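> I am attaching a structure below and will ask some questions about it afterwards.
Bear in mind that the values in this text are calculations on the coordinates, not laboratory data. Computed from a prediction, not measured in an experiment: that's the story for all the values here. Glycine also receives a Cβ, built like all others from the backbone with ideal geometry; neighbour counts cover every protein chain displayed.
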Amino acid sequence: MPTKIRYLSAFVLAAAASQIGATDCGQITKDPGFDLWCGDSLCAWTVERGSAARVPTWNEGDPGVELVGEDAAIAQLTPVTSSDGTCIEFDLIANIDGNAQVKLNVDVGGDGSVELAEVIPSASWKPLSFIIALPAPYSGVRFELAKQGAGNAVLAQINAKIADEGACAGIDPVVASPQANGEPCSGSAGCASGQCGSTALPTPFTTGLFGLGGVCIGCGDGVACGSGAVCGIGPDSLPTRGLPQECVAAASVSLGGPCASGAECATGICFQGADGGLGACSTCDRDHMCGSGEACGAGWAQGTPLVRPFVCSPGAHLRQFGEACASAEDCASHACDGALRSECSDGRTCVTANDCPSVSDANGLHGGPCTVGGIQGGTCH
């Protein structure tokens, strides 16, 4: 049976590099040299077990990260998709003692299941490179470096990038686990829900005729929800996935929250664009007009996320005690009690830029932006 992985010679490495897709010129991993530290913590990598310490390498000016503890691991969810490529070159430089076992774990889709585990040989600052073939379609790959044992393990460079497809010739693609709602799919067997279909909700990958095919969904395309539930937007998930289309409780989303239909909203109204899709729970829209002398307008200021609630007479201080509000300026009391909502550009909620789909610009590959919108579920008091 063909191997799942291939170690590369220097000649193959020179021929394999590629620069395509929505990556940083083919670069998949953020901060591959462990140069970005937020205090004593890695900025772009997550410590999953044990701890990680900043230590010198063979080059004092080039820091590395030591995996500390007999069971330690760091990981990064990368935004690469099959539109970028299905052949990945993985390079690292490490100093690994003989009594430490270090593995590279590959998790397609970032759902926590490890589809490929490769032991990294003991080495003293020896560069190592190999090629991994991934299945199509996919969106997002989580790379984990895990160490077990009492020995030392220091990593100086962890670099993953798109390689030419020819470099993966003869390698069996990794077999991915059934994917969650919001992941790309080519058939229902590839989805944990058993349904691969279409959605009008935004995704960080391309779908449709010229894209990857379908999306794993929990409802729609002829599959209805049970009593008391409607087909809508499920809880926010990984930034490499699309917004999940699945069954949610009817009338459960408060003013300012994301929606795909008015049936999801406590107000009964979802303000959407002309083509439908993602909207925001609102108190008015084109079919539900305001009372005499009032106009329907955006409840959050321009420059905030595209998905904004629409309310009657926004900012006019006309709403009274107990009425719904999207900002303090809506209320006669100048007080709107609710939760401040921040959003990514695709409408999902966020706390930091890392919660948002990645972008590549002059600053390299990074998440974001995460923009403060306004108050969700507000009530004048």
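> Provide the net charge surrounding residue 231, with neighbours chosen by a C-beta distance below 10 Å and charges set as Lys +1, Arg +1, Asp -1, Glu -1.
Every neighbour counted, the sum reads -3.
> Can you tell me the dipole magnitude for region 160-300 around its Cα centre, using point charges on the Cβ only (Lys, Arg +1; Asp, Glu -1), in Debye to the nearest 20?
100
> For region 112-268, treating each Cα as an identical point scatterer without solvent, what Debye log10 I(q)/I(0) comes out at q = 0.09, 0.12, 0.15 1/Å?
-0.43, -0.67, -0.88
> If you don't mind, another one. With charges only on Cβ, +1 for K and R and -1 for D and E, what is the dipole size of the chain about its Cα centre, in debye, rounded to 20?
Around 200 debye, computed over the chain.
> Can you find, among 90, 45, 187, the residue sitting farthest towards the positive end of the charge dipole of region 33-191, where Lys and Arg contribute +1 and Asp and Glu -1 at Cβ?
Highest projection toward the positive end goes to 45.
> Another question, if that's okay. As an exercise, take the mean of 1/r over every pair of distinct alpha carbons in region 5-168, invert it, and state the Kirkwood radius in angstroms.
15.9
> Turning to a different aspect of this structure: Over all pairs of distinct alpha carbons, what does the Kirkwood formula give as the hydrodynamic radius of the chain, in Å?
22.8
> How compact and how long is region 238-381, expressed as Rg and Dmax of its alpha-carbon atoms in Å?
Cα radius of gyration and Dmax of region 238-381 are 15.5, 51 Å respectively.
> Related question: I want the local charge near residue 139. Using Cβ-Cβ distances under 15 Å, sum +1 for each Lys or Arg and -1 for each Asp or Glu among the other residues.
Value of the local net charge: -3.
> Next up: R0 = 25 Å: FRET efficiency of residue 126 with residue 60, Cβ-based, nearest 0.05?
Approximately 0.85, to the nearest 0.05.
> Working out 0.36 nm times the residue gap between residue 224 and residue 51, then minus their Cα-Cα distance, what length gain in nm do you get to one decimal?
Gain on extension, residue 224 to residue 51, equals 57.7 nm.
> By how many nm would the segment from residue 335 to residue 172 lengthen if fully extended, with 0.36 nm per residue of separation less the alpha-carbon distance?
52.6 nm
> Would you mind getting the Kirkwood hydrodynamic radius of region 249-308 from its Cα pairs, rounded to one decimal in Å?
About 11.7 Å for region 249-308.
> Looking only at region 323-341, which residues have a backbone nitrogen under 19 Å from a spot 7 Å from the Cα of residue 372 in the C-beta direction?
Output list for this probe position: 325-331, 334-341.
> Hey, can you rank 34-47, 192-205 by average C-beta count inside 10 Å, highest first?
Highest-to-lowest ranking by the protection proxy: 192-205, 34-47.
> Grab the other residues whose beta carbon is less than 12 angstrom from that of residue 112, score K and R as +1, D and E as -1, and report the net.
-4
> Counting only pairs 8 or more places apart or on different chains, how many lysine pairs in the chain have C-alpha atoms closer than 16 Å?
Value for the chain: 4.
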